[in-house]
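The values are calculated or read from the model by the stated rules, or taken from the named source; none is laboratory data. If you're wondering where the values come from, they're calculated on a predicted model, not measured in any experiment. Here the Cβ positions follow ideal geometry from the backbone for every residue, glycine too, while neighbour counts run over all protein chains shown. With ligands, DNA and RNA removed, areas are computed over all heavy atoms of the protein, side chains included. Shrake-Rupley method; radii C 1.70, N 1.55, O 1.52, S 1.80 Å.
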Amino acid sequence: MQNVSFSSVDECLDFLPPDELKILLFLRKIIFSCIPDCTEKLSYNVPYYKRRKNICFLWPGSITWAKVGQKGVRMGFTCGNLLADERNYLEKGERKQVYWKDFTDVREIDVDLIRSFLFQALEIDRMKH
């Protein structure tokens, strides 16, 4: 069960505390710079980014899912299991497909690595039709 229900991405953004909003907007800018033709839409009350299929999502900690909660903003890759991640940068938990990274400050974001993951995810999306 979620603690909120939004009708638009803007409504979601308006809900966020300033620290989460800053991180989310920074990551969102990276996503749009790498995949300018992606579609942004709400799914599970958080922004998802897709072309053919969902590529990634941004999940602010203030938007809870069941008993799962995290601090900051989680950037998840829906086909994370297919990404080359030699540094083990992404968290896997018990998940088999969706991998992620949590950020509590924009200074933690390795922009070049995130861009690399986005370009890989875009290529995976092109191959999966």
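One residue stands out among those in the range 23-48 that are under 22 Å from Leu113 (Cβ atoms) and more than 14 Å from the chain's Cα centre (by Cα): the one that is most open to solvent (accessible area, probe 1.4 Å), which is Pro36. Lys96 satisfies every condition listed in (1) modelled with pLDDT under 95; (2) within 26 Å of Cys12 (Cβ to Cβ); (3) open to solvent by 30 Å² or more (accessible area, probe 1.4 Å) except (2).
For the range 10-20, a tally of residues being of a type in the set (A, V, I, L, M, F, W, C) and buried (at least 17 other Cβ atoms within 10 Å of the Cβ) returns 2. Within the range 80-89, track down each residue that is surrounded by fewer than 20 Cβ atoms within 10 Å (Cβ to Cβ) and touching a strand residue (DSSP E or B) at 6+ places or on another chain (Cβ under 8 Å). If the condition is that a residue be surrounded by fewer than 20 Cβ atoms within 10 Å (Cβ to Cβ) and touching a strand residue (DSSP E or B) at 6+ places or on another chain (Cβ under 8 Å), then Asn81, Leu83, Asp85, Tyr89 are the ones that fit.
Rundown of residues vs (1) closer than 19 Å to Leu122 by Cβ; (2) β-branched (Val, Ile, Thr), yes/no style:
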{"residue": "Gly80", "(1), (2)": "yes, no"}
{"residue": "Glu94", "(1), (2)": "no, no"}
{"residue": "Trp100", "(1), (2)": "yes, no"}
{"residue": "Phe103", "(1), (2)": "no, no"}
{"residue": "Val106", "(1), (2)": "no, yes"}
{"residue": "Ile109", "(1), (2)": "yes, yes"}
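Selection of first residues in the range 17-29 that are within 18 Å of Phe57 (Cβ to Cβ) and of second residues that are open to solvent by less than 100 Å² (accessible area, probe 1.4 Å) and aromatic (Phe, Trp, Tyr), restricted to Cβ pairs under 8 Å at least 6 apart or on distinct chains, gives the following pairs, ordered by first then second residue: Ile23/Phe103; Leu27/Phe103.
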